[in-house]
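The block underneath contains the structure these notes are about, expressed in structure tokens.
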Amino acid sequence: MMSTAIEAGARAIVYRTRGSRHGGITRLMSPGDLGEFLKPFVFLDLFGFDVTGGHKGFGLHPHSGIATLTWLMEGDTQYEDTTGEQGTLHGGGVEWMRAGNGVWHTGAPAPGVERVSGFQLWVALPPSEENGPAQSMYLAPSQVPAQGPARVLLGRYGAAQSPIAAPSPMNYLAVKLKDGERWTYLPPAGHTVGWIAVSAGALEAGRDTGGTGGPVAAGELAVFEESGAAIDFVAHGDTAFVLGSAVKHPHELVMGYYSVHTSKAALEQGEAEIRRIGARLRQEGRIA
């Protein structure tokens, strides 16, 4: 019989949250709260919408200083951005938008889709990229590499490496485990930042010093202590979750409404570019 004991030396949980829910979106991390401790990961939404309920998607909106990664777990969405890209992202695919100095983008459920769900993550960019050119990549499900139970959205795990060039040393994995299955994640050297967010099932994930104890359940985010130790999991029910690990972002988080930069000057530059693009979009009648 498979042992469900967690290794004594595995990394402990120090904080858990269910975030705040608004309609079909659960905000689990923001730059002004957990993002300060988990940077370069600074924002995380878990979203799920029944399209028959009238959800129309997200209109054109801007970003600068960050990259966004949307892991679309279910449904198909139509996308468009001001780098000139447009098309359809299918369930199991990835949208990567490196906003850099400024970009606007939009997404909406594709015709005939009944439900969409997934995670949207924001990653803080280093000074060398935060005011650089915007770049987008859209990966079909077949382009997202896998190693064991993990799909590699960013970084490398085992022999699998994401085609997206991560802006700094980090891994972002989408993992599925069967009921009772055990999995140990050994982070690369220097990845002292570590967290998980569960979308289905529940996970036993080691000693819990920052919560009520018990498995980490669907809808929860758990933060691990900063160390180089392994993170050990046992699934309770068929379980799906995302995991982030990284070398800590050493820069300040300077925030605008849609932007996160490393300095006030960089933020002002990015917001000026957002306004410039926005003026053009208004002139074209694409935004109010």
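At a 1.4 Å probe radius, carbon and sulfur cover how many percent of the accessible area of the range 88-209?
Details: 2370 of 4540 Å².
Solvent-exposed carbon and sulfur of the range 88-209 make up 52 percent of the total.
Let me see the P(r) profile for the range 227-288: every Cα-Cα distance counted, bins of 10 Å, each bin given as a percent of all pairs.
It works out to 16, 25, 22, 22, 14, 2, in whole percents.
I'd like the GluC sites (Glu not before Pro) in the range 75-117 restricted to DSSP loop residues with at most 16 other Cβ atoms within 10 Å, sorted by number. Working shown, then result.
Values: sites: E80, E85, E95, E114; in loops: E85, E114.
Those that pass, being in a loop and sparsely packed, are E85, E114.
Who wins for biggest fluctuation among A189, A159, A266 in a Gaussian network model of the chain, springs between alpha carbons below 10 Å?
A159
From the convex hull of the Cα coordinates of the chain, what is the mean projected area in square nanometres?
Numbers: hull surface 60.2 nm².
That works out to 15.1 nm², a quarter of the Cα hull's surface.
Note down the relative contact order for the chain as a percent, whole number, built from C-alpha pairs under 8 angstrom at least six residues apart.
Working: 775 pairs, mean separation 66.4, N = 288.
Computed over the chain, the figure is 23 percent.
Compute the angle between helix 264-283 and the longest alpha-carbon principal axis of the chain, please, reported from 0 to 90 degrees and rounded to the nearest 10.
Approximately 60 degrees, to the nearest 10.
Explain nothing, just the number: dipole magnitude of the range 1-156 about its Cα centre with +1 on each Lys and Arg Cβ and -1 on each Asp and Glu Cβ, in debye rounded to the nearest 20. Spell out each step's value before the answer.
Numbers: 11 positive and 14 negative charges, 94 e Å.
Value, rounded to 20: 440 debye.
Build a GNM of the chain with springs between Cα atoms under 10 Å: which of S245, S64, S117 gets the top mean-square fluctuation?
Result for the chain, Cα springs under 10 Å: S117 fluctuates most.
For the range 111-195, run through the trypsin sites (Lys or Arg not before Pro) and keep only the ones in DSSP coil with at most 13 other Cβ atoms within 10 Å of their Cβ. Could you put the intermediate results ahead of the total?
Numbers: sites: R115, R151, R156, K176, K178, R182; in loops: K178.
Counting only loop positions with at most 13 other Cβ atoms within 10 Å, the trypsin sites (Lys or Arg not before Pro) in the range 111-195 are K178.
Going by the alpha-carbon gyration tensor, a ≥ b ≥ c the square roots of its eigenvalues, is the range 141-284 rounded (a/c under 1.5) or, if a/c is not under 1.5, prolate (a/b greater than b/c) versus oblate? Please list the in-between numbers first.
Values: a/c = 2.03, a/b = 1.83, b/c = 1.11.
Here the range 141-284 falls in the prolate category.
Whole-Å semi-axes of the range 109-149's equivalent ellipsoid, largest first, each the root of 5 times a Cα gyration tensor eigenvalue? Write down the numbers at each step before the final one.
Numbers: eigenvalues 147, 60, 28 Å².
Computed over the range 109-149, the values are 27, 17, 12 Å.
Rolling a 1.4 angstrom probe over the protein heavy atoms, how many square angstrom per residue are accessible across the chain? Present the calculation step by step, with values, prior to reporting the outcome.
Numbers: 12280 Å² over 288 residues.
Using a 1.4 Å probe on heavy atoms only, each residue of the chain averages 43 Å².
What number, in nm² with one decimal, is the all-direction average of the projected area of the convex hull of the alpha-carbon atoms of the range 162-229? Numbers along the way, then the final one.
Numbers: hull surface 22.1 nm².
Seen from a random direction, the Cα hull of the range 162-229 projects 5.5 nm² on average.
Can you work out the FRET efficiency for the pair E284 and S263, with r the C-beta to C-beta distance and R0 = 41 Å, to the nearest 0.05? Intermediate results must be reported in sequence, preceding the final value.
Details: r = 32 Å, r/R0 = 0.77.
Computed FRET efficiency for E284 and S263: 0.80.
Taking a ≥ b ≥ c as the square roots of the Cα gyration tensor eigenvalues, with a/c under 1.5 meaning rounded and otherwise prolate when a/b beats b/c, else oblate, which class fits the range 79-166?
On the way: a/c = 2.15, a/b = 1.04, b/c = 2.06.
Oblate, because a/c is 1.5 or more while a/b does not exceed b/c.
Using the Cα centre as the reference, give the magnitude of the dipole from point charges on the C-beta atoms of the chain (Lys, Arg: +1; Asp, Glu: -1; all else neutral), rounded to the nearest 20 debye. Let's see the in-between values first.
Working: 22 positive and 28 negative charges, 43 e Å.
It comes to approximately 200 debye.
Take the alpha carbon atoms of the range 236-288, find their center, do the same for the range 50-110, and report the distance between the two centers in whole angstrom.
The distance from the Cα centre of the range 236-288 to that of the range 50-110 comes to 13 Å.
Which aspartates and glutamates, if any, have their Cα less than 17 Å from the Cα of K176, not counting same-chain residues under 8 positions apart?
Hits, sequence-local ones excluded: E74, E204, E220, D232, D238.
The values are calculated or read from the model by the stated rules, or taken from the named source; none is laboratory data. Quick caveat: nothing in here was measured; it's all calculated off a predicted structure. With ideal geometry, Cβ positions are generated from the backbone for all residues, glycine too; neighbour counts draw on all protein chains shown. Ligands, DNA and RNA are stripped out before the accessible areas are found, and what is left, the full protein with its side chains, is counted by its heavy atoms. Shrake-Rupley method; radii C 1.70, N 1.55, O 1.52, S 1.80 Å.
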